[in-house]
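Step one of this worksheet: look at the structure below.
The values are calculated or read from the model by the stated rules, or taken from the named source; none is laboratory data. Quick caveat, the model's predicted, so the values are computed rather than measured. A quick note on method: Cβ atoms are made from the backbone with ideal geometry, for glycine too, and the neighbour counts reach across all protein chains shown.
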Amino acid sequence: MTGISSLGPSLVASGDLEPGDTVEVPYSLLLDGGLRAGQYPASLTVSYLDSDGIPRSLVESVTLSVRGIVDFTLINDDGVSVTAGEVNNFEADLLLIGTESVQFVEIEVVDDTVFKTVSGSSEYLGAVDPDSPIPFDLNFKVVDGTEPGEYTLDLRVTYKDDLNQDTEDTVELSVYVGEPSSEPQTTQGSSGGFWGWLRRLLGLG
């Protein structure tokens, strides 16, 4: 079979069998790295001696299911610094490390005790090919009162695999929650400085 070869003997002895017995026969196979995901037909020949000692054989059809490699990771994700109680935005690139393209890809923030979803917490990316980074940006909120420190934000990636089944993966983003800003807000009085003088000159106060 093209692209598939055996790593061990193709002939395996299972020993004597009584009616109703079952036996497991393992085979180690090597798949070519360029083999596409899919269903590959194969045949298995069973040779044996019947109860009268007469050699017999039968051929069974089997199907080898070859699955693609799909693994997501983030690039250009140097981490995010945020403040508790605020809605924050970040940008990164989603990279598919694998052998097969996937369809209907969507990425979204996962709610937990620290991070909450808001408007813009998910984005539809469509079809994604291996080694083709896809840029995205998401919003999330840090729960008010969260202690300063480093946390992990989980991002759920959902897609349809090579069997057209709904599948999901999780990638992680490092988020540092800083101290709330304690700088006082300064305001300019209406009667102070140059602007106050100008307002009085124009009769505005």
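Of 114, 109, 142, which residue is out of contact with any Ser or Thr (no Cβ under 6 Å at 6 or more places or on another chain) and either in contact (Cβ under 8 Å) with a residue 12 or more places away in the chain or among the aliphatic types (A, V, I, L, M) (or both)?
142
Can you tell me how many residues in segment 60-70 are surrounded by 12 or more Cβ atoms within 10 Å (Cβ to Cβ), part of a strand (DSSP E or B) and either without any contact (Cβ under 8 Å) to a residue 12 or more places away in the chain or not β-branched (Val, Ile, Thr) (or both)?
Residues in segment 60-70 being surrounded by 12 or more Cβ atoms within 10 Å (Cβ to Cβ), part of a strand (DSSP E or B) and either without any contact (Cβ under 8 Å) to a residue 12 or more places away in the chain or not β-branched (Val, Ile, Thr) (or both): 1 in total.
Only residues that are free of Cβ contacts under 8 Å to residues at least 24 places away in the same chain and aliphatic (A, V, I, L, M): list them for segment 23-42, please.
23, 25
Do you know which residues across segment 30-50 are over 11 Å from residue 64 (Cα atoms), at pLDDT below 85 and small (Gly, Ala, Ser)?
The answer is 33, 34.
Tell me which residues, restricted to segment 2-45, are assigned to a loop (DSSP other than H, G, I, E, B) and either among the hydroxyl-bearing types (Ser, Thr, Tyr) or on the phi > 0 side of the Ramachandran plot (or both).
Passing the criteria: 2, 3, 10, 14, 15, 20, 22, 27, 28.
Filter segment 31-59 down to residues that are exposed (fewer than 10 other Cβ atoms within 10 Å of the Cβ) and under 30 Å from residue 100 (Cα atoms), then give me how many there are.
Result for segment 31-59: 5.
From the list 132, 121, 101, pick out the single residue that is small (Gly, Ala, Ser), touching a strand residue (DSSP E or B) at 6+ places or on another chain (Cβ under 9 Å), farther than 12 Å from residue 157 by Cβ and buried (at least 18 other Cβ atoms within 10 Å of the Cβ).
121
Would you check if residue 11 is surrounded by 10 or more Cβ atoms within 10 Å (Cβ to Cβ) and more than 30 Å from residue 104 (Cα to Cα)?
no
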